[in-house]
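Here's the structure, in structure tokens; my notes come after.
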Amino acid sequence: MTNSELLEQAKVAATKAYAPYSQFQVGCALLTTAGNIFTGCNVENASYGLTICAERNTIFHAVANEGSGMKIASLAVIALGQEFPPCGACRQVIAEFAGPEVEVWFLRDGKPFSMTMAELLPASFRL
């Protein structure tokens, strides 16, 4: 799967987002090292702390399907009408399942742009 295809799947997932409060429809698609693709979107809640970001929703879905050994090979995130990389909380969750060399794709100036996990979260928390 190409990075463009992964970004397109993230865009499709974003159209399914439940975002009545922020109006930010975010979608994520990830490719696992096992070759599986998972998608997810953000789901907001009136109690903001209960909202789940698209990236975490997707990762948790992948773990639920592949098990605790799930590893991310590549990840893409798209926010309809916006451009931004994953938030800090999502970066930490991505780092739990991705090595420092894994590319995270998003849009910058309307074009696909990637950063490695080492670039996105240079000092991730580890036990």
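Derivation of every value follows stated rules applied to the coordinates shown; laboratory data play no part. Nothing here was measured: the structure is a model prediction, and the numbers come from that model. Here the Cβ positions follow ideal geometry from the backbone for every residue, glycine too, while neighbour counts run over all protein chains shown.
Below, the figures for the structure above:
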{"quantity": "Proxy reagent accessibility, fewest Cβ within 10 Å first, across LEU75, LEU6, LEU31, LEU50", "calculated": "LEU50, LEU31, LEU6, LEU75"}
{"quantity": "Identified option (computed Kirkwood radius over Cα pairs in Å; candidates [x] 14.3; [y] 16.6; [z] 18.4)", "calculated": "[x]"}
{"quantity": "Prolate/oblate/rounded call for region 1-74, Cα gyration tensor, a/c under 1.5 rounded", "calculated": "oblate"}
{"quantity": "Modelled label reach - THR116, point 7 Å along Cα→Cβ, region 63-98 residues with backbone N closer than 19 Å", "calculated": "71-76, 86, 91-98"}
{"quantity": "Exposure proxy order (Cβ contacts within 10 Å, fewest to most) of CYS41, CYS28", "calculated": "CYS41, CYS28"}
{"quantity": "Pairwise centroid distance, computed over Cα atoms, of region 68-82 with region 1-66, Å", "calculated": "7 Å"}
{"quantity": "Peptide ranges 98-104, 33-39, 121-127 listed from the most packed, as the mean C-beta count within 10 angstrom indicates", "calculated": "98-104, 33-39, 121-127"}
